[in-house]
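For reference, the structure discussed in these notes is given below.
The values are calculated or read from the model by the stated rules, or taken from the named source; none is laboratory data. Please read all numbers here as calculations on a predicted model, not as lab measurements. Please note: Cβ atoms are built from the backbone with ideal geometry, for glycine as well, and neighbour counts cover all protein chains shown. All accessible areas refer to the heavy atoms of the entire protein, side chains included, with ligands and DNA or RNA removed. Shrake-Rupley method; radii C 1.70, N 1.55, O 1.52, S 1.80 Å.
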Amino acid sequence: MDRLTSWIARAVFLFLYLPIAALIVYSFNSSEVSYRFDGFTFRWYAELFADRMLLEALRTSAVVGVIAALVATVIGFLTAFALVRFRVKGRAFFVGAILIPLIVPEIVLGVSLLTVFSTAGIPTGLLTLVLGHVVITLPLATLVLMGAMSSLDPSLTEAATDLGASPWVTFRRVLFPLLRPSILAAFLLSFTTSFSNIVISTFTAGVGTTTLPLRIYSTLRTGLTPELNALGTLLVVATLGVILAVGVSQMRRILAGPTTTP
Amino acid sequence: MNETTESPAVKLTGLTKSFGANQVVQPLDLEIGRNEFFSILGPSGCGKTTLMRMITGFETPSGGSVELDGKNVDSVPTKSRDLNMLFQSYALFPHLSVYENVAFELRVRRTPKREIDGRVQDALALVRLQAFAERKPAELSGGQRQRVALARAVVGRPAVVLLDEPLGALDQKLRKEMQFELKRMQREVGITFIYVTHDQEEALTMSDRIAVMSEGRVLQVASPTEIYDAPASRFVATFIGSCNVLDGAVSADGRGVVVPGLGELNAAVPADARPGSGVTLAIRPERVTLSPATTVAATAPLGGVAGTLVERVFLGDEWTFHVRLDSDVVMTVSVPSGQAAAALGAIPDGAPVLLSWAAADARVLPADGSTTAAPSSAPLSSEVSA
Ligand SMILES: Nc1ncnc2c1ncn2[C@@H]1O[C@H](COP(=O)(O)OP(=O)(O)OP(=O)(O)O)[C@@H](O)[C@H]1O
Ligand SMILES: [Mg+2]
């Protein structure tokens with residue numbers, strides 16, 4: 001029984017990581033077709049950095065992702081604070097309402113966003129992309145921050161006020177340091193959600209603001225090139241870098257606790 | 001700083017609070033003096049915390065006003081009021097060391113840097129925690145956290161510190177120690193303490209004055225001895241310490257109280273009491289003398305009552321005797337353990353006994369309109385004697 005479960009675990013692991021491993025291996029494959037490994041090359045990386053359209057799409061996705069994640073985290077923080085701390089009238093309604101964009105099929109959101117934008121006469125472009133992505137990332141950020149905030153003792157902020165702190169000082173000296181891991185988590189979750197989104201982007205992107213997933217999707221018509229493997233490999237490396245950076249700072253926090261005794 | 005000695009540290013005028021239709025603090029007037037250790041005592045839910053939060057400014061009163069040091073602070077926000085609150089949960093900042101927790105107020109209020117260290121060290125010395133300055137709150141015991149919270153509350157030298165059941169989370173032994181510590185520190189720093197508790201013993205041992213609250217109303221404000229010896233109402237009498245209460249009416253000659261089924265009893269009837277008016281008699285268990293009924297003939301005390309000894313309970317420092325009177329009311333008598341109690345050891349349970357007391361020890365209180373029910377449950381329900 002134990003052997004069986006350990007084999008299953010290994011199989012799952014393989015299933016999860018084999019595609020990533022293949023991606024990395026084939027990004028260095030000198031053959032143009034993926035069923036043959038001919039030899040080692042950096043050619044696809046060179047082509048990638050020469051592909052202006054793809055780089056432009058990468059830049060658009062990064063910019064939209066950062067702005068949408070920032071907006072979602074800031075508004076999410078304030079929304080979560082209001083919902084957790086104050087006896088707002090209709091609190092249960094608001095909490096439910098925040099979840100709705102997570103449940104409504106994205107395609108429906110996409111159509112309705114486009115309707116709103118065209119009715120309001122807003123041309124599709126960077127602004128509409130960011131707005132569209134905020135709609136789907138705000139609920140995530142709010143949920144993450146609400147969870148973290150409701151586990152904080154409400155008298156901490158009152159104590160800070162009592163000791164003479166303004167709301168801003170209370171945020172900077174008490175709330176932010178205590179909630180930093182959750183704020184970071186909310187930001188990263190929002191960013192990756194935005195970065196990989198395809199449905200909302202289809203409706204809200206305009207000419208010249210094609211996002212990376214849209215660009216990749218459109219190249220399917222002409223067939224996948226190993227150039228995309230190279231791009232994928234770079235994204236995996238970037239992700240690992242973020243995880244390591246966050247992980248290391250988290251580790252330091254955990255270790256810093258008991259080691260401050262003189 | 002306005003140093004007129006006349007103005008009290010805190011003055012509340014007609015202060016009241018409602019949550020929706022629920023009036024949790026009835027309009028109340030209160031003056032708390034400088035350097036006073038003032039306790040607010042009352043059962044759970046009577047509005048103690050709400051009253052404190054109105055003084056700090058966390059809660060906006062529905063009516064009335066708050067004055068601190070003679071100045072109206074109704075429109076002054078919490079952060080600018082010259083007072084600090086010690087929360088029941090301590091509310092220490094978990095990410096800051098003990099030192100930084102205590103220094104928080106000084107840093108936020110931009111105290112000159114060179115002053116900060118000295119004042120933090122002084123505050124830590126006051127609570128005897130200098131050795132723990134670099135620890136995080138999570139690395140402290142409950143009692144130590146409580147002391148950090150106190151150091152943090154007094155480091156800015158506020159005129160008033162409000163403490164909301166600060167010892168509630170500590171065990172019995174630590175509570176006792178901290179009661180003395182708190183009292184010592186309050187005397188040392190010379191700050192007005194407003195101390196909320198629902199522990200009557202705590203209030204009696206520590207306070208200069210006590211306000212007894214019930215259902216949003218302040219029933220009596222007086223010194224601990226006065227609250228204990230001269231309670232103003234039946235609620236105060238039974239809430240502070242244990243107390244025997246008997247319902248009756250002032251006798252025709254105005255010198256005693258007639259209790260149905262027991263006849264006329266010895267009592268300190270006020271001169272202005274109208275004969276025949278309904279009153280409540282309150283007698284502390286330790287002021288009642290218990291004697292075997294056989295000695296009645298020899299030393300029959302004036303106004304004594306006969307009864308039957310039901311049971312006796314040993315509490316360590318004292319014995320409690322339960323005596324059923326002819327009217328079926330059970331009275332409690334407490335006798336310090338030792339010779340006096342040993343002498344009563346010969347009386348078997350079920351034997352007839354005689355209870356007596358000095359007239360001055362039987363307080364005559366206005367009858368509570370609501371409590372015409374048999375009073376027998378009152379002495380039994382408050383067995384812990386002060
Ligand atoms: N924000 C609020 N909204 C509505 N009702 C409240 C609020 N705060 C307190 N109350 C009610 O007011 C009453 C008094 O509460 P309060 O916390 O002042 O009692 P307390 O005397 O401090 O009790 P305890 O000894 O249990 O702490 C309670 O009935 C409580 O339910
Ligand atoms: Mg309370």
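Which is within 14 Å of chain B (Cβ to nearest Cβ) and surrounded by fewer than 20 Cβ atoms within 10 Å (Cβ to Cβ), of A:Arg91, A:Arg180? So that I can check it myself, show each step before the final result.
Values: A:Arg91 fails: within 14 Å of chain B (Cβ to nearest Cβ).
Only one candidate qualifies: A:Arg180.
Which count do you get for residues in region B:59-68 that are touching a helix residue (DSSP H, G or I) at 6+ places or on another chain (Cβ under 7 Å), open to solvent by 10 Å² or more (accessible area, probe 1.4 Å) and more than 8 Å from ligand 1 (Cβ to nearest atom)? Don't jump to the end; show me each part of the working.
Keep residues of region B:59-68 that are touching a helix residue (DSSP H, G or I) at 6+ places or on another chain (Cβ under 7 Å), which gives B:59, B:61, B:66.
From what's left, open to solvent by 10 Å² or more (accessible area, probe 1.4 Å): B:59, B:61.
From what's left, more than 8 Å from ligand 1 (Cβ to nearest atom): B:61.
Residues meeting the conditions: 1.
With the checklist (1) without any contact (Cβ under 8 Å) to a residue 24 or more places away in the chain; (2) more than 29 Å from B:Gly33 (Cβ to Cβ) in hand, flag the one item B:Pro94 doesn't pass.
The one condition B:Pro94 does not meet is (1).
Could you tell me how many of the residues in region B:19-37 are at negative phi and either hydroxyl-bearing (Ser, Thr, Tyr) or away from ligand 2 (no atom under 16 Å from the Cβ) (or both)? Can you show your working first?
Residues of region B:19-37 at negative phi: B:19, B:21-34, B:36-37.
Still in the list and also either hydroxyl-bearing (Ser, Thr, Tyr) or away from ligand 2 (no atom under 16 Å from the Cβ) (or both): B:21, B:23, B:26-34, B:36-37.
Number satisfying all stated conditions: 13.
With the requirement that a residue be within 16 Å of ligand 1 (Cβ to nearest atom), closer than 24 Å to B:Gly14 by Cα and open to solvent by less than 10 Å² (accessible area, probe 1.4 Å), what does region B:185-227 give you? Explain how you work it out, then say what you get.
Restricting attention to region B:185-227, the residues satisfying the condition of being within 16 Å of ligand 1 (Cβ to nearest atom) are B:194-203, B:210-219.
Keeping just the survivors that are closer than 24 Å to B:Gly14 by Cα gives B:194-198, B:210-219.
Correct list: B:Ile194, B:Tyr195, B:Val196, B:Thr197, B:Ile210, B:Ala211, B:Val212, B:Met213, B:Gly216.
Being farther than 21 Å from B:Tyr90 by Cβ and at the interface with chain B (Cβ under 10 Å from one of its Cβ atoms) is true for just one of A:Ser166, A:Ser196. Which residue is that?
Details: A:Ser196 fails: at the interface with chain B (Cβ under 10 Å from one of its Cβ atoms).
Criteria check complete, one pass: A:Ser166.
I'd like to verify a number: residues in region B:40-58 that are more than 6 Å from ligand 1 (Cβ to nearest atom), open to solvent by 30 Å² or more (accessible area, probe 1.4 Å) and either under 16 Å from B:Gly168 (Cα atoms) or basic (Lys, Arg) (or both), how many?
The total comes to 2.
When you check B:Glu67 against the structure, is it part of a strand (DSSP E or B) and among the acidic types (Asp, Glu), yes or no? Spell out how you get there, then give the answer.
Details: part of a strand (DSSP E or B): yes; among the acidic types (Asp, Glu): yes.
Yes: the conditions hold for B:Glu67.
Might you check whether a residue that is within 16 Å of ligand 1 (Cβ to nearest atom) and open to solvent by 10 Å² or more (accessible area, probe 1.4 Å) occurs anywhere in region B:234-254?
Yes, because at least one residue in region B:234-254 is within 16 Å of ligand 1 (Cβ to nearest atom) and open to solvent by 10 Å² or more (accessible area, probe 1.4 Å).
For region A:197-209, how many residues meet the condition of being crowded, with 21+ Cβ neighbours inside 10 Å and among the β-branched types (Val, Ile, Thr)?
Start the filter on region A:197-209 by keeping residues that are crowded, with 21+ Cβ neighbours inside 10 Å, which leaves A:197, A:200-201, A:204-205, A:209.
Add one more test, that the residue is among the β-branched types (Val, Ile, Thr), and what stays is A:200, A:204, A:209.
Of the residues in that region, 3 qualify.
Can you pull out every residue in region B:107-132 that is open to solvent by less than 40 Å² (accessible area, probe 1.4 Å), within 14 Å of another protein chain (Cβ to nearest Cβ) and assigned to a loop (DSSP other than H, G, I, E, B)?
Across region B:107-132, the qualifying residues are B:Thr111, B:Leu129.
Quick check on region A:151-163. Is at least one of its residues touching a residue at least 40 places away in the same chain (Cβ under 8 Å) and in a helix (DSSP H, G or I)?
Residues of region A:151-163 touching a residue at least 40 places away in the same chain (Cβ under 8 Å): A:154, A:157.
Within this subset, residues satisfying the condition of being in a helix (DSSP H, G or I) are A:157.
Yes: one or more hits.
B:Arg234 passes all but one of (1) among the basic types (Lys, Arg); (2) closer than 17 Å to B:Ile32 by Cα; (3) touching a Leu at 6+ places or on another chain (Cβ under 6 Å); which number fails?
Unmet for B:Arg234, out of (1) among the basic types (Lys, Arg); (2) closer than 17 Å to B:Ile32 by Cα; (3) touching a Leu at 6+ places or on another chain (Cβ under 6 Å): (2).
Would you list the helices (runs of 4 or more DSSP H) that sit entirely within region B:181-242 and hold 3 or more residues that are in contact with a Ser or Thr (Cβ under 6 Å, 6 or more places away or on another chain)?
Details: elements: B:200-206, B:224-229, B:234-239.
Output list reads B:234-239.
Using the structure shown, decide if A:Ala46 is out of contact with any Lys or Arg (no Cβ under 7 Å at 6 or more places or on another chain), in the same structural domain as A:Ala92 (by TED's automatic domain parsing) and not hydroxyl-bearing (Ser, Thr, Tyr).
Values: out of contact with any Lys or Arg (no Cβ under 7 Å at 6 or more places or on another chain): yes; in the same structural domain as A:Ala92 (by TED's automatic domain parsing): no; not hydroxyl-bearing (Ser, Thr, Tyr): yes.
When the stated conditions are applied, A:Ala46 does not pass them.
Check B:Phe104 against each of (1) part of a loop (DSSP other than H, G, I, E, B); (2) out of contact with any Ser or Thr (no Cβ under 8 Å at 6 or more places or on another chain); (3) at the interface with another protein chain (Cβ under 7 Å from one of its Cβ atoms); (4) not β-branched (Val, Ile, Thr) and name the one condition it does not meet.
(1)
I'd like the full set of residues that are among the small types (Gly, Ala, Ser) and in contact (Cβ under 8 Å) with a residue 60 or more places away in the chain, limited to region B:230-255.
Going through region B:230-255, the residues among the small types (Gly, Ala, Ser) turn out to be B:230, B:232-233, B:237, B:241-242, B:248-249, B:251-252, B:254.
Once the filter is applied, which keeps residues that are among the small types (Gly, Ala, Ser) and in contact (Cβ under 8 Å) with a residue 60 or more places away in the chain, region B:230-255 yields B:Ala230, B:Ala232, B:Ser233, B:Ala237, B:Gly241, B:Ser242.
Restricting to region B:1-34, name every residue that is near ligand 1 (Cβ under 10 Å from one of its atoms) and open to solvent by 10 Å² or more (accessible area, probe 1.4 Å).
We begin by selecting, within region B:1-34, every residue near ligand 1 (Cβ under 10 Å from one of its atoms); these are B:17-20, B:22-25.
Passing the criteria: B:Lys17, B:Ser18, B:Phe19, B:Gly20, B:Asn22, B:Gln23, B:Val24.
Could you look through region B:257-284, keep only residues that are touching a helix residue (DSSP H, G or I) at 6+ places or on another chain (Cβ under 8 Å) and modelled with pLDDT under 85, and pick out the one that is farthest from B:Tyr228 (Cα to Cα)? Outline the logic, then answer.
To start, the set of residues in region B:257-284 that are touching a helix residue (DSSP H, G or I) at 6+ places or on another chain (Cβ under 8 Å) comprises B:266-268, B:280, B:282-284.
Remaining after also requiring modelled with pLDDT under 85: B:266, B:268.
Values: B:Asn266: 20, B:Ala268: 16 Å.
Among those residues, the one meeting the criterion is B:Asn266.
When only residues in region B:73-92 that are facing chain A (nearest Cβ under 7 Å) and not in a loop (DSSP other than H, G, I, E, B) count, which is farthest from the chain's Cα centre (by Cα)? Talk me through it step by step, then tell me what you get.
Of all residues in region B:73-92, those facing chain A (nearest Cβ under 7 Å) come to B:78-79, B:84-85, B:87, B:89, B:91.
Retained after the next criterion (residues that are not in a loop (DSSP other than H, G, I, E, B)): B:78-79, B:84-85.
Details: B:Thr78: 27, B:Lys79: 29, B:Asn84: 22, B:Met85: 19 Å.
Taking the candidates together, the pick is B:Lys79.
What are the residues in region B:142-184 that are of a type in the set (Asp, Glu), farther than 13 Å from B:Leu129 by Cβ and either more than 13 Å from every other protein chain (Cβ to nearest Cβ) or more than 16 Å from ligand 1 (Cβ to nearest atom) (or both), if any? Don't jump to the end; show me each part of the working.
Let us first name the residues in region B:142-184 that are of a type in the set (Asp, Glu), namely B:164-165, B:171, B:177, B:181.
With farther than 13 Å from B:Leu129 by Cβ added as a condition, the list becomes B:164-165, B:171, B:177.
Across region B:142-184, the qualifying residues are B:Asp171, B:Glu177.
Pick from region B:314-335 the residues that are free of Cβ contacts under 8 Å to residues at least 24 places away in the same chain and open to solvent by 50 Å² or more (accessible area, probe 1.4 Å): which of them is nearest to B:Val258 (Cα to Cα)?
Among those that are free of Cβ contacts under 8 Å to residues at least 24 places away in the same chain and open to solvent by 50 Å² or more (accessible area, probe 1.4 Å), it is B:Arg324.
Take B:Lys48 and decide whether it is more than 16 Å from ligand 2 (Cβ to nearest atom), out of contact with any Ser or Thr (no Cβ under 7 Å at 6 or more places or on another chain) and in contact (Cβ under 8 Å) with a residue 40 or more places away in the chain.
On the way: more than 16 Å from ligand 2 (Cβ to nearest atom): no; out of contact with any Ser or Thr (no Cβ under 7 Å at 6 or more places or on another chain): yes; in contact (Cβ under 8 Å) with a residue 40 or more places away in the chain: yes.
Criteria not met by B:Lys48.
Being within 16 Å of ligand 1 (Cβ to nearest atom), in contact with a Ser or Thr (Cβ under 6 Å, 6 or more places away or on another chain) and touching a residue at least 60 places away in the same chain (Cβ under 8 Å) is true for just one of B:Phe37, B:Phe87. Which residue is that? Steps first, please.
On the way: B:Phe37 fails: within 16 Å of ligand 1 (Cβ to nearest atom).
Exactly one residue qualifies, and that residue is B:Phe87.
Having 2 or more residues that are over 30 Å from A:Val134 (Cα atoms) and under 28 Å from the mean Cα position of the chain (by Cα) is the bar; report the helices (runs of 4 or more DSSP H) wholly within region A:1-116 that clear it.
In region A:1-116, A:2-26, A:43-50 are the helices (runs of 4 or more DSSP H) which contain 2 or more residues that are over 30 Å from A:Val134 (Cα atoms) and under 28 Å from the mean Cα position of the chain (by Cα).
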